[in-house]
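To start, the structure itself, in structure tokens.
Nothing in this text is a laboratory measurement; each read-out follows from the coordinates by a stated rule. Bear in mind the structure is a predicted one, so any value in this text is a computation, not a measurement. Note that each Cβ is placed from the backbone with ideal geometry, even for glycine, and that neighbours are counted across all protein chains shown.
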Amino acid sequence: MKPFNEKILNLLILFIACMLGIVVSFLCIALSIDVLVWMLTGSFDLAKADILKIIKIGCVIGTFTGAVFVIARLFKLKGF
């Protein structure tokens, strides 16, 4: 059986990885859409405010996803 501190550290790493993964994927999606619009229209309109809004949305969804994964791991559900 793993020590309590190691188990908590693994769950924290899982939570942070889920959150950062969602944020990075949202940023990549936004960048790819803006590049496509740039190629079609010739104007690149990716503002700092848009990036911050995307990061906030990604953090909320990533936090929810990470919390679900951590809870599933704590309850020892199959597949997690």
Within region 36-80, residues being in a helix (DSSP H, G or I) and free of Cβ contacts under 8 Å to residues at least 40 places away in the same chain number 23
Counting only residues in region 25-59 that are surrounded by 12 or more Cβ atoms within 10 Å (Cβ to Cβ) and β-branched (Val, Ile, Thr), the one farthest from the chain's Cα centre (by Cα) is identified as 37
In the set 4, 15, the lone residue that is among the aromatic types (Phe, Trp, Tyr) and exposed (fewer than 12 other Cβ atoms within 10 Å of the Cβ) is 4
